[in-house]
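In what follows, a single structure is set out as structure tokens and then discussed.
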Amino acid sequence: MKIEKAGFIAFPASNFEASLRFYRDLLELPLVKQGEDAFSRFARFDCGGFGIHVYEWTKSFNRAHTGLQFYVKDVDALYAELKAQGVQFNGEVRDEPWGGRVVTVRDPDGNLFDLLNAEYAEQFGA
């Protein structure tokens, strides 16, 4: 199996404090980590073993990304393998300011999701 497990789903939040209250206080999801990185403020919640990552995004949000992240052992090797098989990507493998090494995959219908080096999961105990 090429994908180890679903990592998390990421949601942009135009009002970060309102989103924090929604997931933490209304849905009562356990807050695993909250902070700020080079990218934005963020909060990570546990949803029965699946991560929900909420990040502050006040700019226009116009990409059709599902927010779904899959952990993989070696994103560079898998990217090369899948690209050789004709899989379409939205750009190249990249290092994100929030710490992940990631590539965005385009499925046959144009849905976008990310393959993310599993090392990133260690920051959250996943």
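So which residues in segment 1-45 are modelled with pLDDT of 85 or more, surrounded by fewer than 18 Cβ atoms within 10 Å (Cβ to Cβ) and within 13 Å of the chain's Cα centre (by Cα), if there are any at all?
Correct list: Ile9 only.
Filtering segment 93-124 down to residues that are basic (Lys, Arg) and modelled with pLDDT under 95, which residue is surrounded by the most Cβ atoms within 10 Å (Cβ to Cβ)?
It comes out as Arg101.
Test each condition in (1) modelled with pLDDT of 90 or more; (2) touching a strand residue (DSSP E or B) at 6+ places or on another chain (Cβ under 7 Å) for Phe61 and report the one that comes out false.
The failed condition is (1).
Is it fair to say Ala38 is assigned to a strand (DSSP E or B) and either more than 19 Å from Asn117 (Cα to Cα) or not charged (D, E, K, R) (or both)?
No.
Among the numbered criteria (1) in contact with a strand residue (DSSP E or B) (Cβ under 7 Å, 6 or more places away or on another chain); (2) more than 15 Å from Tyr120 (Cα to Cα); (3) in contact (Cβ under 8 Å) with a residue 24 or more places away in the chain, which one does Gly51 miss?
With respect to (1) in contact with a strand residue (DSSP E or B) (Cβ under 7 Å, 6 or more places away or on another chain); (2) more than 15 Å from Tyr120 (Cα to Cα); (3) in contact (Cβ under 8 Å) with a residue 24 or more places away in the chain, Gly51 is out only on (2).
Given the condition β-branched (Val, Ile, Thr), closer than 18 Å to Ala118 by Cα and in a loop (DSSP other than H, G, I, E, B), answer yes or no: does some residue in segment 58-75 qualify?
Checked against the condition, which is being β-branched (Val, Ile, Thr), closer than 18 Å to Ala118 by Cα and in a loop (DSSP other than H, G, I, E, B), segment 58-75 yields no hits at all.
Tell me which residues, restricted to segment 46-92, are buried (at least 18 other Cβ atoms within 10 Å of the Cβ), over 13 Å from the mean Cα position of the chain (by Cα) and farther than 20 Å from Phe16 by Cα.
If the condition is that a residue be buried (at least 18 other Cβ atoms within 10 Å of the Cβ), over 13 Å from the mean Cα position of the chain (by Cα) and farther than 20 Å from Phe16 by Cα, then Val75, Leu78, Tyr79 are the ones that fit.
Could you run through segment 6-33 and say how many residues are assigned to a helix (DSSP H, G or I) and either at positive phi or of a type in the set (A, V, I, L, M, F, W, C) (or both)?
5
The values are calculated or read from the model by the stated rules, or taken from the named source; none is laboratory data. This is a predicted model, so every value here is computed, not measured. Positions of Cβ are generated from backbone atoms using ideal geometry, with glycine treated the same way; all protein chains shown enter the neighbour counts.
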